[in-house]
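No lab work stands behind these numbers, since they all come straight from the coordinates. From a predicted model like this one, the values you see are computed outputs, not experimental measurements. Note that we place each Cβ from the backbone using ideal geometry, even for glycine, and neighbour counts take in every protein chain shown.
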Amino acid sequence: MTHEEINEIQNIEIKLFLEALFQRYGYDFRNYSQAHIKRRLLHRMNLGNFSGISQMQHKILYDSGFVQQILLDLSINVTEMFRDPSFYASVRKEVVPILKTYPFIKTWHAGCSTGEEVYSMAILFKEENILNRTQIYATDFNHKVLKTAKEGIYPIDLIKDYTTNYQKAGGKESFSDYYDANYNSVIIDGSLKKNIVFADHNLVTDSVFAEVNLIVCRNVLIYFNRELQDKVIKLFLDSLTPGGILCLGSKENLQYSAHFEYFSVIDTHEKIYRKEYRRPSTSNDNP
Amino acid sequence: MRKYTEKNTDDQAHRMIIPEIPIHLKPKAIVIGTSAGGVEALTKLFKALRPGFSIPILVVQHISPSSDSYLVQHLNRISSVTVKEALDKTVIEPFHAYLAPPNYHLLIEEDFTIALTVDEKVSYARPSIDVLFETAARAFNRNLLGIILTGANSDGAYGASMLRKMGGYLIVQDPSTAHIATMPETAIQQAGADFITNLEGISKFLNRLP
Ligand SMILES: C[S@@+](CC[C@H](N)C(=O)[O-])C[C@H]1O[C@@H](n2cnc3c(N)ncnc32)[C@H](O)[C@@H]1O
């Protein structure tokens, strides 16, 4: 058999594997980036000495422990504090003044991973004096990362980079004010955690759970195909108050979405958008 | 390490001669991977591309996460093809070259669109040459041409072997002519090569492609 043929067969096996994972456990990866899924599954196949994806499918159906492994393989949890400092600088400049006009603020970090992004935003809000009137929802579908996020304990060797990021992002205080250092880890200051609720939420299979003024969903949609991106953007649209703000990752874009017309652009480069107050009129709107 | 120099002189001489382009070689895409010294090497290659060169080119050059778009603009200015930063979910088009953005892996979908990810570093690199070559090999199979240039680490060697396994054609810059030999050397050790030559040889080969 040629490698080309094997490649084709693997595509069939992957389809079946994802279907099995979905039907047995409800995790739906069927509309994630194919190249990504395939690379991760073949990697697992080689590491685990499986003879093929089909053998992994058998294991996933019968061994619920293996699901956690696959979940970790497919959901990439790479994150950092003040990732893309210029994004946080823009939030401070463009978004905070809007939020300041509200008596009470609700925000949602979707796909928050181990929490670094959430705490970064909490620090920014604290410095802008709006943290105490903000309710932050932080969600992910991966229980393991949510646990780390709740604890807020991170390796100390990353702090140097995070401090640099914080400063580049326009931080106003000393970054060390926001954590307590131990031998090889830091723990995030309790005052930042007060208004955060961490919860399990799957963007593909769960629905709207609150109406919020700001959604931050960075580096999650990049793993979805266009169709799924559109579905999730609709979920965000339905979760935002009129005038609510949506922040995506640096390489994610609303421009090509079917729902683009419902948003205006606040910062093209940093991918910050605002839900319009009124529905745009469409041709099939009847008076 | 320096295995390639141990080969006989006949072989040495042979590598400078541009081989006949194999009849079955009709690449639908070209992937290029390079690290230290790559800007200079890419500059030479892109400058030398003939007008009307239509095969899409995908490039991973290791760069620092905070770099700006200088390299894209520079290559675009000096080359006959349109050079852009690779955008997630866009279709790969003829007469274009795409550079992986800093801090993102560049993957190729089997429907010939671009995918970016923020996965862990691979071979200490993001973007990683291995990731581009591996996914492009699956998308293009035998219709892929890979080029490994100068660099100070071993990223690309695994991807190059995947590319050859899937029937792709691999050109490696002659390590003795590379700014830093490690990357081409490791690629040759792990993947072998279909053609080893200097930058001029690579340019000639490219310009003869249909
Ligand atoms: C690359 S991380 C991004 C973390 C953070 N937002 C950042 O930009 O640094 C992607 C996160 O999305 C989560 N994720 C992926 N698919 C998801 C889904 N269907 N529902 C909820 N979270 C998901 C993953 O578990 C992972 O933690």
*asked:* At a 10 Å Cβ-Cβ cut-off, how would you order A:Ile60, A:Ile6, fewest neighbours first?
replied: A:Ile6, A:Ile60
*Give me the Kirkwood hydrodynamic radius of segment A:143-262 in Å, from all C-alpha pairs, to one decimal place?*
16.9 Å
*Mind ranking A:90-98, A:74-82, A:155-163 by how tightly packed they are, going by the mean number of other C-beta atoms within 10 angstrom, highest first?*
A:74-82, A:90-98, A:155-163
*Taking each residue of B:107-119 in turn, how many C-beta atoms of other protein chains fall within 10 Å of its C-beta, and what is the average?*
6
_What whole-number distance in Å separates the alpha-carbon centres of segment B:139-154 and segment A:191-253?_
37 Å
*Say R0 is 30 Å: what FRET efficiency, to the nearest 0.05, do A:Arg133 and A:Leu158 get from their beta-carbon distance?*
0.50
*Over what distance in Å are the Cα centres of segment B:103-123 and segment A:121-148 separated?*
29 Å
*When we measure straight from the Cα of B:Lys84, which lysines land under 20 angstrom away, once same-chain ones fewer than 8 places off are left out?*
A:Lys251, A:Lys271, B:Lys28, B:Lys44, B:Lys47
*Return the long-range amide H neighbours of B:Leu49 (sequence gap of 5 or more, or a different chain), with a cut-off of under 5 Å between placed amide H atoms.*
B:Ser80
*asked:* Quick check on segment A:35-85: what are the equivalent-ellipsoid semi-axes from the Cα gyration tensor, as sqrt(5λ), descending, whole Å?
replied: 27, 13, 8
_Scaled radius of gyration (Cα, divided by 2.2 N^0.38 Å) that segment A:1-125 gives_ = 1.47
*Please list the equivalent ellipsoid semi-axes of segment A:85-284, computed as the square roots of five times the alpha-carbon gyration tensor eigenvalues, in descending order and whole angstrom.*
29, 18, 16
*chain A, helix-only ellipticity at 222 nm - DSSP H runs n ≥ 4, -39,500 (n - 2.57), divided by all residues, nearest 500*: -12000 deg cm²/dmol
_Please compute the modelled spin-label separation between A:Asp73 and A:Glu211, points set 7 Å along Cα→Cβ, answer in nm with one decimal._
4.3 nm
*asked:* How compact is segment A:89-206 by the rule of thumb for globular proteins, expressed as Cα Rg over 2.2 N^0.38 Å?
replied: 1.06
*May I ask you to give the average projected area over all directions of the convex hull of the Cα atoms of the protein assembly as shown, in nm² rounded to one decimal?*
26.9 nm²
*State, to one decimal in nm, how far the label point of B:Thr90 lies from the label point of A:Ser86, with both points 7 Å from Cα in the Cβ direction.*
1.6 nm
_Of the trypsin sites (Lys or Arg not before Pro) in segment B:119-171, those whose Cβ has at most 15 other Cβ within 10 Å and which sit in DSSP loop_ = B:Lys121
*Once amide H atoms are built 1.01 Å from N in the peptide plane, which residues 5 or more positions from B:Ala97, or in another chain, come under 5 Å H to H?*
B:Ile57, B:Thr82, B:Val83, B:Lys84
*So what's chain B giving for Rg/Rh, alpha carbon basis, Kirkwood Rh from the mean inverse pair distance?*
0.93
*If the chain between A:Lys150 and A:Thr2 were fully stretched, how many nm would it gain, using 0.36 nm times the residue separation less the Cα-Cα distance?*
48.4 nm
*If you bin every alpha carbon distance in segment A:3-74 into 5 Å steps from zero, what whole percent lands in each bin?*
3, 16, 32, 31, 13, 4, 1
*For B:84-93, what's the mean count of beta carbons from other chains sitting within 10 Å of each residue's beta carbon?*
3
